[in-house]
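All remarks here apply to the structure that follows.
The values are calculated or read from the model by the stated rules, or taken from the named source; none is laboratory data. All figures in this text were calculated on a predicted structure; none of them were measured in a lab. Glycine also receives a Cβ, built like all others from the backbone with ideal geometry; neighbour counts cover every protein chain displayed. Accessible surface areas use protein heavy atoms only, side chains included; no ligands, DNA or RNA. Shrake-Rupley method; radii C 1.70, N 1.55, O 1.52, S 1.80 Å.
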Amino acid sequence: MQLSVVIPTCNRNESLALCLERLAPGRQQGGATLIPAADADPDARGGVSHGTYEVIVTDAAAEGIAQALLRERFPWARWSPAPRHGPGPNRNSGAKSARGEWLAFVDDDCLPDPNWISRLVARIATGQYDVVEGAVLSPDLPDHPLWTAPVNTVGNAGWTANLCVRRAMFEKLGGFDPDLPETAEDMEFHSRSKRAGCRWVFAADAIVVHPRRHLTWPELWRDTLRFRW
């Protein structure tokens, strides 16, 4: 297995289903091949078969509601329970069960482009990088402070909405900081990995679309203070 797609989720089955549809067998182009959960060797880790990938859904919901969704509609994806402490610990949990040499993180409300996997693999194949940062677009985002989305068109942001990390390097760095469970864990990882000498590259053609979100004024001030911190 070359690449493990890790999708953290918590009570968002509707958006999760849309994300998974983009990663289903035959939906990713450019030679990307999905290895269904039932066919993967549980003891195999760190393979380098070009363009192969698995999908892991790490579910932090108390009821594990995503498990039923995967069983009914997406049996090729692997469900894994996750700690209910926010997206950072959730992603760390998914990384621990991953079999791929690389970890591709994407949010459960994002829509990967049909060439997303192949564009990531193109950078991986060069052997020059430890982290591939993909583009995050939000085409319908209004120019208004109360509408937000983590748009990344030039790189150097480190958003986990679209981030691919060499698993060995991720483990060496200790993953995402569990003391930042609610927000900014990806920016902290970005800064820490740069200080550790990780080689980053921005792949503008490895695209996911992120939906816009409407904020209240208190939420805007809260997010502003968090990101400033």
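In table form, for the structure just shown:
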read-out: Count - residues of the range 81-115 that are more than 11 Å from the chain's Cα centre (by Cα) and closer than 12 Å to residue 3 by Cα; value: 5
read-out: Single residue of the range 211-229 satisfying the filter (charged (D, E, K, R) and either part of a strand (DSSP E or B) or free of Cβ contacts under 8 Å to residues at least 24 places away in the same chain (or both)) that is surrounded by the fewest Cβ atoms within 10 Å (Cβ to Cβ); value: 228
read-out: Qualifying positions in the range 97-138 - under 24 Å from residue 13 (Cα atoms), open to solvent by 10 Å² or more (accessible area, probe 1.4 Å), of a type outside the set (D, E, K, R) and assigned to a loop (DSSP other than H, G, I, E, B); value: 97, 114, 115, 138
read-out: Residue that is under 16 Å from the mean Cα position of the chain (by Cα), of a type in the set (Val, Ile, Thr) and open to solvent by 50 Å² or more (accessible area, probe 1.4 Å), where the choices are 165, 208, 151; value: 151
read-out: Matching residues, the range 11-37, being open to solvent by 20 Å² or more (accessible area, probe 1.4 Å) and assigned to a helix (DSSP H, G or I); value: 13, 14, 15, 18, 21, 37
read-out: Condition broken by residue 177, with the remaining ones in (1) more than 26 Å from residue 21 (Cβ to Cβ); (2) open to solvent by less than 40 Å² (accessible area, probe 1.4 Å); (3) among the charged types (D, E, K, R) satisfied; value: (2)
read-out: All positions within the range 69-90 that are modelled with pLDDT of 95 or more and open to solvent by less than 50 Å² (accessible area, probe 1.4 Å); value: 69, 70, 74, 76, 77, 78
read-out: Some residue of the range 186-198 being under 16 Å from the mean Cα position of the chain (by Cα), buried (at least 17 other Cβ atoms within 10 Å of the Cβ) and not in a helix (DSSP H, G or I); value: no
read-out: Evaluation of residue 141 against (1) crowded, with 21+ Cβ neighbours inside 10 Å; (2) within 23 Å of residue 204 (Cβ to Cβ); (3) in contact with a Phe, Trp or Tyr (Cβ under 8 Å, 6 or more places away or on another chain); (4) among the hydrophobic types (A, V, I, L, M, F, W, C) (one fails), failing number; value: (1)
read-out: Condition met for residue 64 (free of Cβ contacts under 8 Å to residues at least 12 places away in the same chain, of a type outside the set (Asp, Glu), farther than 28 Å from residue 212 by Cβ and open to solvent by less than 60 Å² (accessible area, probe 1.4 Å)); value: no
